[in-house]
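Reviewing the structure listed below.
The values are calculated or read from the model by the stated rules, or taken from the named source; none is laboratory data. Just so you know, these numbers come straight off a predicted model, no measurement behind them. Virtual Cβ from ideal backbone geometry, glycine too; neighbours counted across all protein chains shown.
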Amino acid sequence: MSHKRISAGDFLFKAATSTFALILALLVIFIGVVLIYQSMPTIREFGLNFWRTKTWDPVVGNFGALPFIWGTLYSSFIAVLIAAPISIGVAVFISELCPSSLKQPLVFLTELLAAIPSIVYGLWGIFVLVPAVRAVQMMCPEWLRAVPLFSGPRNGLSMLSASLILTIMVIPFTSSVAREVLKAVPLAQREASYALGATRWEVTKVALHYARVGIVGAIMLGLGRAIGETMAVTMVIGNNPTMSLSLFAPQYTMASVIANEMLEAADDLHISALVEIGLVLFIVTFLINAASRLLIYGMTYQKKRKAPAAVTTLEPAA
């Protein structure tokens with residue numbers, strides 16, 4: 001009887017957890033289906049031109065999402081480019097170098113940064129970051145402002161402001177995950193390196209190499225956070241639907257245009273265009289997550305292939 005009860009319990013447990021996983025998968029599919037259905041008017045009207053044209057004019061009913069796609073990817077990749085080395089440095093310091101008396105306060109402060117609401121970051125950006133960027137623009141010499149990368153109005157509302165605020169928001173997530181990954185590195189890896197006479201820097205490199213797959217995952221998690229950010233970016237990017245390489249030019253993101261225009265959409269085509277931007281954001285996020293999984297899988301596979309080779313080279317010496 002007890003064996004049957006245990007088997008029944010196992011079956012119910014497996015069925016319940018499988019149901020939860022299935023519900024999650026169905027929810028993702030349902031979101032995609034709803035977005036596609038609500039986007040059908042603009043899909044029929046513009047087709048692929050919606051993705052590759054630059055004009056966004058609700059008055060005449062002409063919609064092109066390319067400036068928003070550009071603004072989202074440009075700001076996110078700049079943020080991750082800045083945040084990745086800082087996050088890894090924070091993670092290495094806390095896990096490898098930090099005195100024990102400072103470790104818990106630093107971990108708490110890092111996690112506190114991750115818990116601050118987006119709107120608070122936006123307010124801080126308006127009152128602190130935007131004036132700082134404007135001051136930097138004013139100090140730039142004329143010859144530098146003539147360079148396309150640094151041209152633009154001197155008002156501080158710009159791609160640089162959005163990228164910097166995204167950097168600050170990404171660092172807590174990336175550093176926390178990277179710290180946990182470094183904590184999971186077996187102690188034997190460090191002890192073996194010290195036994196061979198390695199310095200602290202060399203031991204840290206061994207730990208980073210061992211945890212590289214997880215660190216890449218942490219960086220991609222930060223990229224996903226940056227791509228979907230809305231309010232903080234909306235408040236500091238300038239919200240101008242143009243495409244530019246300039247860091248000082250006001251631009252726009254997909255999440256920002258949805259937040260700004262959804263409640264003011266004048267007709268069904270405008271609403272459909274905004275929903276299709278949401279669909280584009282959904283697809284871009286999915287593709288980036290898929291690419292990150294492929295990258296992590298490739299690194300893991302490469303790591304597994306190297307391990308037997310190392311054993312083979314050690315066997316003759318033994």
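Structure notes:
- Remark: pairs (first residue in the range 122-141, over 13 Å from Ser158 (Cα atoms); second residue outside any helix (DSSP H, G or I) and among the basic types (Lys, Arg); Cβ separation under 8 Å; 6+ apart in sequence or on different chains) = Met138/Arg154.
- Hits in the range 113-139 (condition: among the aromatic types (Phe, Trp, Tyr) and surrounded by 12 or more Cβ atoms within 10 Å (Cβ to Cβ)): Tyr121, Trp124
- Entirely in the range 140-250, the helices (runs of 4 or more DSSP H) that have 3 or more residues that are buried (at least 19 other Cβ atoms within 10 Å of the Cβ) and of a type in the set (A, V, I, L, M, F, W, C): 159-183, 212-228, 231-236
- Matching residues, the range 38-58, being more than 27 Å from the chain's Cα centre (by Cα) and under 15 Å from Asp268 (Cβ atoms): Met40, Pro41, Thr42, Ile43, Arg44, Glu45, Phe46, Pro58
- Selection status of Thr55, in contact with a Ser or Thr (Cβ under 7 Å, 6 or more places away or on another chain) and surrounded by 12 or more Cβ atoms within 10 Å (Cβ to Cβ): no
- One residue alone among Phe108, Phe13 is in a helix (DSSP H, G or I), of a type in the set (Phe, Trp, Tyr), free of Cβ contacts under 8 Å to residues at least 40 places away in the same chain and more than 30 Å from Ile168 (Cα to Cα), and that residue is Phe13.
- Candidate set from the range 113-150 (those that are among the small types (Gly, Ala, Ser) and at pLDDT below 90); member that is nearest to Ser175 (Cα to Cα): Ala114
- Pair list, Cβ under 7 Å, 6 or more apart: the range 48-74 residue in contact (Cβ under 8 Å) with a residue 24 or more places away in the chain, other residue in a loop (DSSP other than H, G, I, E, B) and of a type in the set (Gly, Ala, Ser): Phe50/Gly64; Phe50/Ala65; Trp51/Ala65; Lys54/Gly64; Trp56/Gly64; Pro58/Ala266
- Taken over the range 169-200, the criterion of being among the β-branched types (Val, Ile, Thr) and under 15 Å from Val92 (Cβ atoms) is satisfied by Ile171, Thr174, Val177, Val181, Val185, Thr199.
- Residue list for the range 271-299, restricted to those being loosely packed, with under 13 Cβ neighbours inside 10 Å and either of a type outside the set (A, V, I, L, M) or not in a helix (DSSP H, G or I) (or both): Phe286, Arg293, Tyr297, Gly298
- Of all residues in the range 71-108, those satisfying the criterion of being closer than 30 Å to Gly238 by Cβ and surrounded by 19 or more Cβ atoms within 10 Å (Cβ to Cβ) are Gly71, Thr72, Tyr74, Ser75, Ser76, Ile78, Ala79, Val80, Ala83, Ala84, Ser87, Val90.
- Verdict on Val120 being part of a helix (DSSP H, G or I) and more than 25 Å from the chain's Cα centre (by Cα): no
- Any hit, the range 84-91, residues being modelled with pLDDT under 90 and closer than 23 Å to Ile219 by Cβ: no
- Answer residue from the range 59-94, given it is closer than 27 Å to Met231 by Cβ and outside any helix (DSSP H, G or I) and is farthest from the chain's Cα centre (by Cα) among those: Val59
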